[in-house]
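Structure first, commentary second.
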Amino acid sequence: MDYRAVFQIAAAGMDLEKRRVEVAALNLANVHTTAPDGQLAYAAQKLVAKPLQVDFNRALDLAGPRLLPRDVRLVASEQVPRLVHDPGHPHANAQGFVAYASIDQVTEMASVSTALRAYEANVAVASTARAMAMKALDLGGQS
Amino acid sequence: MSLQAIQAIDLRAFPATAPAGAASAAPGFAHWVSRELSSLNQQLGVAEQGLQRLASGTATNLHEVMLELEQARLAMQVASQVRSRVLEAYQDVMRMQV
């Protein structure tokens, strides 16, 4: 399992980046949702991941990517919802303001981009590990 | 940058590449080969299960299936290289003039 540990670690990294993209997609899909008067509008979700175990000695003994100990949580960010003046809207409150979801499109697009770069980096790591193993198989060949 | 992380890797944890001694070399190697073959079989089974999950649409992660396929292919290459080396060594021995 020693030379395969790199694949497990890269898979865990790719898993996290994929989830970040999913969370950003969820936020972007809810950009123009509104809430009726009195209810809270959609709050942007953030993915909070914390590695539980930083013991490098043990990190390479893992049997599967699902066992890579990490605390991954979805946290709703506390933000004041955007108020847009639109008295004719069915969800307008008494003052004529509609509460839209407080999502920053630029931030979400930036997190999608960075998640893609990190995913590519993990794929490069996995490919490099595979190339290393294939090269090792060439030892003593052709002679 | 501290080198403690690198020193923490216990080199004894990695399997020894050379067999222990001439007397115990043959049974040790045969045992290793049979273990590797069963591990290869397991690896191929895992890859096939991943493909089935992908075909039926129940796969959650595409990269997991791809990594399983790559590991199965790598294990297959290792097994075939081991076979080649063992055959070469055997042929070298058989070519010795009596």
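The values are calculated or read from the model by the stated rules, or taken from the named source; none is laboratory data. Just so we're clear, the structure is a prediction, and the values are computed from it rather than from any experiment. For neighbour counting, all protein chains shown are included, and Cβ atoms are generated from backbone atoms with ideal geometry for every residue, glycine included. When the accessible area is computed, the model is the full protein with side chains, heavy atoms only, and any ligands, DNA or RNA have been set aside. Shrake-Rupley method; radii C 1.70, N 1.55, O 1.52, S 1.80 Å.
If I filter the stretch A:97-127 down to residues being over 20 Å from the mean Cα position of the chain (by Cα), open to solvent by less than 70 Å² (accessible area, probe 1.4 Å) and more than 19 Å from A:LEU26 (Cα to Cα), which single residue comes out as nearest to the other protein chains (Cβ to nearest Cβ)?
The qualifying residue nearest to the other protein chains (Cβ to nearest Cβ) is A:SER127.
Name every residue in the stretch A:19-52 that is open to solvent by less than 60 Å² (accessible area, probe 1.4 Å) and assigned to a helix (DSSP H, G or I), in order of residue number.
Across the stretch A:19-52, the qualifying residues are A:VAL21, A:VAL23, A:ALA24, A:ALA25, A:ASN27, A:LEU28.
Residue-wise test of (1) touching a Ser or Thr at 6+ places or on another chain (Cβ under 9 Å); (2) at pLDDT below 85; (3) within 12 Å of another protein chain (Cβ to nearest Cβ).
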site: B:PRO19; (1), (2), (3): no, yes, no
site: B:GLN49; (1), (2), (3): no, no, no
site: B:LEU54; (1), (2), (3): no, no, no
site: B:LEU62; (1), (2), (3): no, no, yes
site: B:GLN91; (1), (2), (3): no, no, no
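Please list, ordered by first then second residue, the pairs with beta carbon atoms under 6 Å, 6 or more apart or interchain, first in the stretch A:116-131 and hydroxyl-bearing (Ser, Thr, Tyr), second loosely packed, with under 14 Cβ neighbours inside 10 Å and at pLDDT below 95.
none
Here's a check for you: in the stretch B:77-98, which residue that is under 15 Å from the mean Cα position of the chain (by Cα) and over 11 Å from A:LEU137 (Cβ atoms) is most open to solvent (accessible area, probe 1.4 Å)?
B:ARG83
Report whether or not A:ARG19 is modelled with pLDDT of 85 or more, out of contact with any Phe, Trp or Tyr (no Cβ under 9 Å at 6 or more places or on another chain), among the basic types (Lys, Arg) and within 30 Å of A:ALA99 (Cβ to Cβ).
The answer is yes for A:ARG19.
Within the stretch A:132-143, how many residues turn out to be open to solvent by less than 50 Å² (accessible area, probe 1.4 Å) and either of a type outside the set (A, V, I, L, M, F, W, C) or over 16 Å from B:ALA75 (Cβ atoms) (or both)?
1
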